[in-house]
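Take a look at the structure below.
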Amino acid sequence: QVQLVESGGGLVQPGGSLRLSCAASGIIFSIHAMGWYRQAPGKERELVAHITSVGSTNYADSVKGRFTISRDNTKKMVYLQMNSLKPEDTAVYYCNTRDRVSGGVYWGQGTQVTVSS
């Protein structure tokens, strides 16, 4: 079955950086688009960044210029490099994909990112 496992979250001061990682299994990774979402307390889950199977990317306006999504098809990994972090970036961050064969949508368990001094 499809599994997505995030790692790399933690506590960081404003202006700091973190790199999130997501390990995928159970899918032909190279043909699937991948996304990073986040959910802050009391708010809806929102798309942060998305990368297609061929590496095209798009970002939420709130993170453009600060976050970078990338992928390594040989390792079946997707990354989110987060720079110049702000307190409003505090949230649980989730990795996501939609299986092109079954149509199923899959989520990781999430990793907490807290930006605070």
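If you go through region 55-93 and keep only what is touching a Leu at 6+ places or on another chain (Cβ under 9 Å), under 23 Å from Gly26 (Cα atoms) and polar (S, T, N, Q), you end up with just Ser70. Looking only at region 14-31, residues that are touching a Phe, Trp or Tyr at 6+ places or on another chain (Cβ under 9 Å), part of a loop (DSSP other than H, G, I, E, B) and not small (Gly, Ala, Ser) come to 1 in all. A search for C-beta distances below 7 Å between a residue of region 16-44 that is open to solvent by 50 Å² or more (accessible area, probe 1.4 Å) and any residue that is at pLDDT below 95 and basic (Lys, Arg), counting only pairs 6+ apart in sequence or on different chains, returns Ile31/Arg100. What about Val54, is it open to solvent by less than 30 Å² (accessible area, probe 1.4 Å) and either of a type in the set (A, V, I, L, M) or in contact (Cβ under 8 Å) with a residue 24 or more places away in the chain (or both)? No. With respect to Glu6, determine if the residue is charged (D, E, K, R), at pLDDT 95 or above and crowded, with 17+ Cβ neighbours inside 10 Å. So Glu6 passes the test. Residues in region 63-78 that are surrounded by fewer than 13 Cβ atoms within 10 Å (Cβ to Cβ) and more than 22 Å from Val2 (Cβ to Cβ) were compared, and the one that is farthest from the chain's Cα centre (by Cα) is Gly65.
Considering region 98-117, the residues that are of a type in the set (Gly, Ala, Ser) and open to solvent by less than 40 Å² (accessible area, probe 1.4 Å) include one that is farthest from Gly16 (Cα to Cα), namely Gly103.
Of everything listed in (1) part of a strand (DSSP E or B); (2) touching a helix residue (DSSP H, G or I) at 6+ places or on another chain (Cβ under 9 Å), the single unmet condition for Ser53 is (1). Could you tell me how many of the residues in region 82-97 are surrounded by fewer than 16 Cβ atoms within 10 Å (Cβ to Cβ) and under 15 Å from the mean Cα position of the chain (by Cα)? The total comes to 1.
The values are calculated or read from the model by the stated rules, or taken from the named source; none is laboratory data. Because the structure is predicted, anything quoted here is derived from the model rather than measured. For neighbour counting, all protein chains shown are included, and Cβ atoms are generated from backbone atoms with ideal geometry for every residue, glycine included. Please note that ligands, DNA and RNA were not included when accessible areas were found on the heavy atoms of the full protein model with its side chains. Shrake-Rupley method; radii C 1.70, N 1.55, O 1.52, S 1.80 Å.
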